[in-house]
Amino acid sequence: MSPDPSNALPEVAAAERLRQHLEQIAHERDRAHRALQEREAELARIQRMARVGGLEIDFRDGVKNRRSPEYLLVHGLPPEAAGETFEDWATRIHPEDRERKVKHLIYSRC
């Protein structure tokens, strides 16, 4: 039999409310995390079916990028190329197109 909450000290009652609130927050966080994982898996399936992939480029501190597994597959790249350098990417562009493509990428961010 649990104690009557009306007889509990205010600190005990407040601690119990806090515990319940934190438990609720943890449950919501876990639910949101599972939903995010499901959406990421769905996106990966769609990208595989469509044979498209994602590329994220960050210019804030130099040129940093990240490629999705599907991007690597479409371009015939190994998994370790997921974070290839800008220079490595540029060397894969046909020499006749390289300068134009690099300029377009750099200036399109402005």
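The values are calculated or read from the model by the stated rules, or taken from the named source; none is laboratory data. These numbers come from a predicted model, not from an experiment. For neighbour counting, all protein chains shown are included, and Cβ atoms are generated from backbone atoms with ideal geometry for every residue, glycine included. Remember, those area values only see protein heavy atoms, side chains included, never the ligands or the DNA or RNA. Shrake-Rupley method; radii C 1.70, N 1.55, O 1.52, S 1.80 Å.
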Result of the Cβ filter at 9 Å on the range 88-110, keeping first residues that are of a type in the set (G, A, S) and partners that are open to solvent by 90 Å² or more (accessible area, probe 1.4 Å) and at pLDDT 85 or above, at least 6 apart or interchain, is A90/K101
Restricted to the range 36-71 and to residues being part of a helix (DSSP H, G or I) and touching a residue at least 12 places away in the same chain (Cβ under 8 Å), the residue most open to solvent (accessible area, probe 1.4 Å) is R48
Q.
Condition first: out of contact with any Asp or Glu (no Cβ under 7 Å at 6 or more places or on another chain), modelled with pLDDT of 85 or more and open to solvent by less than 60 Å² (accessible area, probe 1.4 Å). Can you find one or more residues in the range 3-12 that meet it?
A. no
Scanning the range 76-110 for residues that are surrounded by 13 or more Cβ atoms within 10 Å (Cβ to Cβ), within 24 Å of A50 (Cβ to Cβ) and not charged (D, E, K, R) gives L77, A81, A82, W89, I93, L105
